[in-house]
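Comments concern the structure below.
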2 protein chains.
Amino acid sequence: MNPGHVVVVGAGLAGLAAASRLRKGGAEVTVLEARSRVGGRIEGGRSSDGTPVELGGQWIGPTQDRMYALVEELGLETFPTYNEGKHVVLLGNRTTRMASARGAVPRLNPFVLVDIFQGLTRFTRLAKRVPLDQPWSAPGAESLDAQTFETWIRRNLRTQTGRMYFRVACEAVFAAEASDLSALHALFYAHAGTDFEGLLSTDRGAQQDRVVGGSIRLCEVMAERLGPAVRLGEPVRRIDQDGSGVRATTRTGQVVEGDRVVVTLPPTLAGRLEYGPQLPSWRDQLTQRLPAGSVIKLFAVYDEPFWRSDGLTGQAASDTGPVKITFDNSPPSGRPGILLGFMEGSDARRWARSTETERRDAALGCFARYFGPKGRRAEEYIERDWMGEEFSRGCYGAHFTPGVWTAYGPALRQPIGRIHFAGAEHATIWNGYMEGAVRSGEEVADDVLSAL
Amino acid sequence: MNPGHVVVVGAGLAGLAAASRLRKGGAEVTVLEARSRVGGRIEGGRSSDGTPVELGGQWIGPTQDRMYALVEELGLETFPTYNEGKHVVLLGNRTTRMASARGAVPRLNPFVLVDIFQGLTRFTRLAKRVPLDQPWSAPGAESLDAQTFETWIRRNLRTQTGRMYFRVACEAVFAAEASDLSALHALFYAHAGTDFEGLLSTDRGAQQDRVVGGSIRLCEVMAERLGPAVRLGEPVRRIDQDGSGVRATTRTGQVVEGDRVVVTLPPTLAGRLEYGPQLPSWRDQLTQRLPAGSVIKLFAVYDEPFWRSDGLTGQAASDTGPVKITFDNSPPSGRPGILLGFMEGSDARRWARSTETERRDAALGCFARYFGPKGRRAEEYIERDWMGEEFSRGCYGAHFTPGVWTAYGPALRQPIGRIHFAGAEHATIWNGYMEGAVRSGEEVADDVLSAL
């Protein structure tokens, strides 16, 4: 017996995971996707020789159990992010190389090292006390949520370089400045992803593994299995509900009726839909306060990964942008060599106003600074400005600005009648990551199945 | 010669002021208003005996020159907010009465008074240095914008009661908690409205005067003069532009073409429209970061203003809610007696989930606490939850969260091609007030006229 029909808004990882789980549970599903492709904030590109280039989310790492299982279920494989040799670290006008093992420390002045170590210890201790299903009830939540992460950094780090380390880490993790987000949110997020160091690490960290063929394969295979239930090019504009069901209307005028709807859009976009009846104020004011991060993800393609023969991992962390974080993003074969760089936070905002040529020059300049003059001689340059994507409007995810967790937190995962909300931002485990997206989508699907 | 046709989105004060100025400049205008009434965040209500009750914005005060001139142009009159006798002040478990003259100080312990005085002095000194047309270039802007106003308060006030004074003041001015907004924004806003003390004052302050018949008369008379150019019940959903003009499409499917469009919606709602081509990322990410405040405005109607005979102004300021700020909002005749109360910030958010009966009881309880047991015996209770208004989604206005002025400030008033933005949030003078709305509307109208 068919228990009902569920409309899923968005064919990103959360939407596809929700739809797959719903169908497995016996429900009929229709997935309405705004773009002409699936994946949402995961996107597959290719360099001119056909090598997959991952324009959006791409990594998985330890404790992301659902992702590793999903990779297997979908008949895909992972391979390790290239991590042999040394990382390049530029902090406080000093360039050092550090071992690529998790827990390795850059060669910095001992005062700075102690400062960073104490700051991380304190941060981790606080983070572990944040209950993942209700961050607003953490000890000291009111006070931690009343300050920016930048304020926390200034209070808890004593050296300029120590502060800079935390700021760069914040940009790398949130694609936002430490001044943009609540200190409580930073703590919650680190705890949701195990710990802060793990979020920053390749070895035994969140950047450990990649998917052969590109992360988009996850979405493509899931969408293939869902078949014609996934309808592309249908941006949902309005959702109506009444006692008997829901009705989603798209910009093209298509109307899809169902028993329930799962909205998997990033919060700021979920808040832009028209709802009839309108959503209650706590939900609307919440989505007004969850802006998306700011990032331009870019790639330089070289004949070969020249940095490897210099004993470098291709990973750099720098306090001087616009590209402050880099990775070796070559395919498993190592040919071509691909450097990946991020412009994040204020760098992304500033450079979004420049031309692609200007960004290319700036990015290659950074690669040369980190890995030598060959960095300038790229064969090809590819980029994706996620802020400019109409159906994402920022990446990696939303951050909670000060005061929002404590004032609106309980509204985050609460369904409104027949409307359910899912997505990486709604996850209690690995919030903001692919793992969180899948977990959230599947959990909400289970809720819907039991409500049908 | 008709220089062109301009579409104005929103018939609030800014939209009506823009349309009036545009027509005066010779342009043809069409104003598209979502609601079945004009006024936006100004709304006229009536008590059961027909007395005007101002459900939204209502006061004007010194240096709001444009408002006083507009009142006269529209053939209206002002009358003073009732301010005779003493205010009731409840701070730090102590109830005092203070003179109602601007600059009067409550009888508090001298350490607290010195603390408040020093805090206000420091705040005012910093505020005066914030350039109103570019707050991001204030001295120390980066640091001030990287912290919440709450952090500023904790750093600059030493006593618990002094901090509470600032927090209540913040709620009264922004309908937001001090933890919600950037310290730089608080400073900018106070400077834009002359000074912080003025924002809080009735005598020679922002609450000095009212409009006979209610503030809605301003909008009604402007709309009458514009005649059928104002089209009600037409929520704009989408704005398209190309080299030759603009096209606004409403939810009912009406299409209005013009040479330019002025969007006067609150930022968070302006950001929800569909735009073709989509707006650049800096504009979109800005409106993701300008949430509306949280307020429920409520009224208790009594046979007579009983507090007056007790020598009270009807104005209370309290650190214990849910109604922390009250006013005598009786009509000029003084019959009936009307007490106005605000639930603001976290109080509004919490009480929005209660029933109207529960809010009524809580509000009357506050009135009784401030003005005696007669406060409970209201003939009538009227309220407006502005967070629940689909076409406002909060009041009084938007606040800048930390980091936003410095990262996105220049995008606030910048037109995007043929799309111009106006409204109280865009004003450099009296930002957030009716004065700011009119000034912004008229300034943008002038820009449009010179661009036509």
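Values quoted throughout were computed directly from the atomic coordinates according to the rules given, and no laboratory measurement underlies them. Computed from a prediction, not measured in an experiment: that's the story for all the values here. Ideal geometry is used to build each Cβ from the backbone, glycine not excepted, and the neighbour counts take in all protein chains shown.
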Query - Calculated log₁₀ intensity ratio I(q)/I(0) where the Debye formula runs over C-alpha points of region B:107-200, q = 0.26 Å⁻¹ - result: -1.49
Query raised in the report: So how tilted is helix A:434-451 from the main axis of chain A? Cα-based, degrees 0 to 90, rounded to 10.
Result: 10
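Quick one: of the DSSP bridges fully inside the protein assembly as shown, what percent are antiparallel, nearest 5?
Numbers: 94 of 138 bridges.
Of all bridge pairs located within the protein assembly as shown, approximately 70 percent are antiparallel.
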Query raised in the report: Per-residue mean of other chain beta-carbon atoms within 10 angstrom of the beta-carbon, peptide B:14-21?
Result: 0
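All other residues with a Cβ under 11 Å from the Cβ of A:LEU157 taken together, and with Lys, Arg as +1 and Asp, Glu as -1, what is their net charge?
Around A:LEU157, the charge tally is +4.
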Query raised in the report: Under a no-solvent Debye model with one identical scatterer per Cα of region A:206-262, what's log10 I(q)/I(0) at q = 0.13, 0.19 Å⁻¹?
Result: -0.52, -0.79
Report task. Summarise the partner chain shielding of B:400-406 as one whole number: the mean count of Cβ atoms from other chains within 10 Å of each residue's Cβ. Result -> 6
Query raised in the report: Which value, in Å³ per residue, describes the convex hull spanned by the Cα atoms of chain B?
Result: 129
Report summary line: P(r) over all Cα-Cα pairs of the protein assembly as shown, 20 Å bins from 0 to the longest distance, whole percent per bin, short to long, reads 14, 45, 33, 7, 0
Query raised in the report: Relative to the Cα centre, what is the charge dipole magnitude of chain B, using +1 at the beta carbon of each Lys and Arg, -1 at the beta carbon of each Asp and Glu, and rounding to the nearest 20 debye?
Result: 1000
Report summary line: With DSSP loop assignment and no more than 16 other C-beta atoms within 10 Å, the trypsin sites (Lys or Arg not before Pro) in region A:329-420 are A:ARG353, A:ARG377
Report task. Give me the angle, in degrees from 0 to 90, between the Cα long axis of helix B:216-226 and the longest principal axis of the Cα atoms of chain B, rounded to the nearest 10. Result -> 10
Report summary line: Of all DSSP beta bridges with both partners in region A:166-279, the antiparallel percent, nearest 5, is 75
Report summary line: Given Cβ charges of +1 for Lys and Arg and -1 for Asp and Glu, the option among B:TRP59, B:GLY314, B:ALA248 whose Cα lies farthest towards the positive end of the dipole of chain B is B:GLY314
Query raised in the report: Given the rule -39500 (n - 2.57) for each run of at least 4 DSSP H residues, summed and divided by the residues of chain A, what is its mean residue ellipticity at 222 nm, to the nearest 500 deg cm²/dmol?
Result: -10000 deg cm²/dmol
Query - Antiparallel content of DSSP bridges confined to chain A, in %, to 5 - result: 70
**Report entry** For region B:77-135 versus region A:351-420, the gap between their alpha-carbon centres in whole angstrom
**Finding:** 43
Query raised in the report: For chain B: lysine pairs with Cα atoms under 22 Å, gap of 8 or more or different chains, count?
Result: 5
Query raised in the report: Nearest 10 degrees, 0 to 90: what angle lies between the long axis of helix B:183-192 and the longest principal axis of chain B (Cα atoms)?
Result: 80
Requested in this report: For a quick protection proxy, order the peptides B:89-99, A:283-293 by their average other-Cβ count within 10 Å, most packed first.
Outcome: A:283-293, B:89-99
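Give me a single rounded figure for A:277-283: the average over its residues of other chain Cβ atoms within 10 Å of their Cβ. Before the final figure, lay out the partial values.
Values: counts 1, 5, 3, 4, 15, 7, 0.
The per-residue average across the peptide is 5.
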Query raised in the report: If each of A:THR95 and A:SER137 carries a label point 7 Å out from its Cα toward its Cβ, how far apart are those two points in nm?
Result: 5.2
